[in-house]
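*Asks:* Got a structure here, written out as structure tokens. Questions coming.
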Amino acid sequence: MLYPNYADFVSLSTNHLEVGSHVKVRTLEKQKQFLVPLMETTNCGTLGLLDLPGRTLPQWNALPVLNLTGAMATLESLVEVGHIRREELTGCTDDPALFDIHQLLCTAPKL
């Protein structure tokens, strides 16, 4: 997912905080950490969708890559972690074909 950074933390998306295994108590402080102002749908004097430097998003290969915990990573390291996790979960050791869910999960398609 690509979420561009706009001024004043205006966002195209926001998070929803629920009590669960990672959040034991839904405090106001924790809610404030999750909520960001959503971008308005009109451009009436407020920040708009194209109010980015150069009125465009940067090239994808110029963007930072983050892992699931938000730490800097490389695309190659994400692929390697994915292969390791796939082997742990499925026992498969072959390299799956791109975009083939049956090979990815080591299952045969049902005919």
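*Asks:* Considering only the stretch 61-111, how many residues are open to solvent by 100 Å² or more (accessible area, probe 1.4 Å) and touching a residue at least 12 places away in the same chain (Cβ under 8 Å)?
*Replies:* Number satisfying all stated conditions: 1.
*Asks:* For Leu78, are the conditions met, namely being closer than 29 Å to Tyr6 by Cα and at pLDDT below 75?
*Replies:* Answer is no for this residue.
*Asks:* For the stretch 54-75, which residues satisfy the criterion of being in a strand (DSSP E or B) and at pLDDT 90 or above?
*Replies:* Met72
The values are calculated or read from the model by the stated rules, or taken from the named source; none is laboratory data. Here the structure is a predicted model, which means the values were calculated and not measured. Heads up, the Cβs are rebuilt from the backbone with ideal geometry, glycines too, and the neighbour counts pull from every protein chain shown. Heavy atoms of the whole protein, side chains included, go into the accessibility calculation; ligands, DNA and RNA do not. Shrake-Rupley method; radii C 1.70, N 1.55, O 1.52, S 1.80 Å.
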